[in-house]
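Here the structure is laid out as structure tokens; the discussion comes afterwards.
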2 protein chains.
Amino acid sequence: MSSELKTLSQTMLAALNEEMRSVLQSGEEQPDSFYGMIHYHMGWVNEQLQPVQVYPGKQIRPLLCLLTCQAAGGDWQQALPAAAAIEILHNFSLVHDDIEDASPTRRGRQTMWQIWGIEQAINTGDAMFALAHLAMSRLLDCGVPAPIVVQALRRFDETCVRLTQGQHADMDFEKRDGVTVAEYMAMIEGKTAVLVSLAAELGARIAGAEETAVAHYAQFGLELGLAFQVKDDILGIWGDEALTGKSAATDITTKKKTLPVLYGLEHSAELRQLYTQNSTDENFVSQAIQHLDTCGARAFTESKASAYSEGSFDHLQAAQPHGAAALALHELTNMLLQRNS
Amino acid sequence: MSSELKTLSQTMLAALNEEMRSVLQSGEEQPDSFYGMIHYHMGWVNEQLQPVQVYPGKQIRPLLCLLTCQAAGGDWQQALPAAAAIEILHNFSLVHDDIEDASPTRRGRQTMWQIWGIEQAINTGDAMFALAHLAMSRLLDCGVPAPIVVQALRRFDETCVRLTQGQHADMDFEKRDGVTVAEYMAMIEGKTAVLVSLAAELGARIAGAEETAVAHYAQFGLELGLAFQVKDDILGIWGDEALTGKSAATDITTKKKTLPVLYGLEHSAELRQLYTQNSTDENFVSQAIQHLDTCGARAFTESKASAYSEGSFDHLQAAQPHGAAALALHELTNMLLQRNS
């Protein structure tokens, strides 16, 4: 990590977490049962609502928002409410996703619905959604002009609708065959990329950047999100077990419909035939990977990832970021896209 | 119904429904599966996503918002986005409440989760929550100044947090004994009254009313909501079966913890003893009602309802509404509070 990224991210993320604690009313005293569930999910308290320290996740989205604001000529501290809103929104979506996917654990801890039940977890997610909006409205208190705040809120909610459309498609795909590559790309754009895009866009808007620059930052974030997700799909099949920490070819074993698999099902009769099988033993995995390689699924997916990566860097450059934040932004993008774990 | 209320409500609700259809993208064509679920809940299509006409509920909240805007000296058409937002928000909360309460039907139709499953229904509710916010942001397009839009959005989300706190408490109460009258009042304030209050408050804010008048309209709505809910609790026990359309004393048969019952449990050892029983046969019902009458639970609840009703009318008067909308507002309040069904 370059010294720019390291220094800036430490300062920015410390301020971000303070802002989130303020929005989510984390005072000195023990939270009530309502805020307690929220603080549990954020990793601030344990199941008994006693203070703990839990790794909060990478917080890439808020960091992108703050760095973009600075790189676009703004004061990153003015963007703190938007960065907090994006991170709280992301966490809200995890609470509901965990129910929808019936996931018992997240980041090594029990999920909210596992402890307090589905009913309370749905409702607490809703509260976090509302609180994310309240975080946004604090932009006004930071001196951001009201018309920019309204515009930012509108983009925030347009993005929320896209997120739910992505999640709708994702759940729909699990239940049906014949999902196309195009449908899949639209789904990951909604489910993953639009929120990364929003983070960069709002940073630029709050900096008061011109619409051309705002559009470049938004596209930079969008293609970064897409590249990241497509690379994730590659790692899920061809990733190095020692580096990813997951068993190799997890996505084949679980028959997950990721980009290479969908491409393969469109282009390889052998893979289609193989995927009618119920068992996914070692033999299944090795055959599937062979079919994917033969029909060009890996090459296709890698070329997609490269195209999005390049697009992301191109738009970042076109946005003409400046100062230490520009270097940090470039470094962060590199880190996210060069990953092999 | 007076001619003022009838004329105004017909015009206003027609415009409201047009605004909602525009926000929720109800075009000529059949909706996709994502918007289709939303349109189903709104009563615009059936399960096969074909157009139908279903009674949309009373739409009291948006009507209050529009009437208040007009009565406070504004142009009610400018408040249409806020009225639509409030009605969509209310409908979002019904979608999630139906899951949380495991309700199979609403307004004589299957609930969303019954048809499309809990996972999709949670997600579609989230989409409606986001769309309610997008409805709000259209205030700007109606010429409402940006600072008022930001303030209105902030109040909107503060109200959403209160709604989820009310729902949290309501679900919590079902699982424990010893709920106090004070806790119950705080719960119904969150679950019912704050949204009625918001409707009136936003109407006044959009009209550009002064803070004193805004506060009176907000308090008028709050006490109206409380009075309505407390009266509902009375009807749930002492309501006339022929008028309510429900079997008499439903809330006793289901042992629902409404205001008279909680007051009774605090003040009558006999009722506490009776409520340890598991069966709720006819004998149980008649004994319970007798204990409630004896300990003064009915008188207490009726005095509460009267106090809130009077408070509501007092604040409406203090807000100094004018014109035909003022008459209609008065008439609507009367209708809601004089009800015996």
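Would you calculate the volume per residue, in Å³, of the smallest convex hull containing every Cα atom of segment A:194-341? Walk me through the numbers on the way to the answer.
On the way: hull volume 16.2 nm³, N = 148.
That works out to 109 Å³ per residue.
Averaging 1/r over each pair of different alpha-carbon atoms in segment B:114-232 and inverting the result gives 16.0 Å, the Kirkwood hydrodynamic radius. For segment B:151-247, trypsin sites (Lys or Arg not before Pro) are listed when DSSP marks them as loop and at most 16 other Cβ atoms sit within 10 Å of their Cβ; the list is B:Lys175, B:Arg176, B:Lys246. Summarised as an ellipsoid, the protein assembly as shown has semi-axes of 47, 30, 25 Å, derived from the eigenvalues of the Cα gyration tensor scaled by 5 and square-rooted, with the largest first. For the segment A:160-173, counting C-beta atoms of other chains within 10 Å of every residue's C-beta and taking the mean gives 5. Here the dipole of segment B:3-338 is about 100 debye; that uses its Cα centre as origin and unit charges on the Cβ of Lys and Arg (positive) and Asp and Glu (negative).
In terms of distances greater than 27 angstrom between alpha carbons, the cross-link table entries B:Lys257/B:Lys304; B:Lys191/B:Lys231; A:Lys175/B:Lys58 yield A:Lys175/B:Lys58.
A label point on B:Asn278, set 7 Å along the Cα-to-Cβ line, lies at 4.1 nm from each of its counterparts in the other copies, closest listed first. What's the angle, to the nearest 10 degrees (0 to 90), between helix A:33-42's Cα axis and the longest principal axis of chain A? With rounding to tens, the tilt is 60 degrees. Ratio of Rg to Rh for segment B:287-341, alpha carbon only, Kirkwood? Radius of gyration relative to Kirkwood radius: 1.18. Rounded to the nearest angstrom and listed largest first, the equivalent-ellipsoid semi-axes of chain B from its Cα gyration tensor are 34, 26, 18.
Residues whose amide H lies under 5 Å from that of B:Leu139, counting only those 5 or more places away or on a different chain, are absent; hydrogens are built 1.01 Å from N in the peptide plane. Put simply, the Cα atoms of segment A:106-178 extend 46, 36, 22 Å along their principal axes, the longest span coming first. Radius of gyration over Kirkwood radius for segment A:124-164, both on Cα atoms: the Rg/Rh ratio is 1.02.
Which three numbers, in whole Å and largest first, are the semi-axes of the equivalent ellipsoid of segment A:174-232 derived from its Cα gyration tensor as √(5λ)? Let's see the in-between values first.
On the way: eigenvalues 158, 18, 15 Å².
Values for segment A:174-232, descending: 28, 9, 9 Å.
Only alpha carbons enter this Debye calculation for segment A:150-197, each as an equal point scatterer, and the log10 of I(q)/I(0) it gives at q = 0.29 Å⁻¹ is -1.01.
Counts of other chain beta carbons within 10 angstrom of each beta carbon in peptide A:151-158 average 5. Computed from the Cα positions only, the extents of segment B:57-146 along the three principal axes stand at 44, 24, 15 Å, in decreasing order. In the frame of its principal axes, segment B:4-132 has Cα extents of 46, 32, 26 Å, reported largest first.
Taken residue by residue and averaged, Cβ atoms of other chains lying within 10 Å of the Cβ of A:116-125 number 6. With the helix formula -39500 (n - 2.57) applied to DSSP H stretches of n ≥ 4, chain B reaches a computed 222 nm mean residue ellipticity of -23000 deg cm²/dmol. In chain A, the longest principal axis of the Cα atoms and the axis of helix A:324-337 are about 20 degrees apart. In chain B the longest region clear of GluC sites (Glu not before Pro) that are loop-assigned by DSSP and have at most 16 other C-beta atoms within 10 Å covers B:48-209. Across segment B:1-53, the volume of the C-alpha convex hull divided among the residues equals 81 Å³ per residue. Label positions at A:Thr212 and B:His322, each projected 7 Å from the Cα along the C-beta direction, are separated by 5.2 nm. Convex hull volume of the C-alpha atoms in segment A:202-279, normalised per residue: 122 Å³.
Bear in mind that the values in this text are calculations on the coordinates, not laboratory data. All values derive from a computational prediction rather than experimental measurement. Note: ideal-geometry Cβ built from the backbone for every residue, glycine included; neighbour counts use all protein chains shown.
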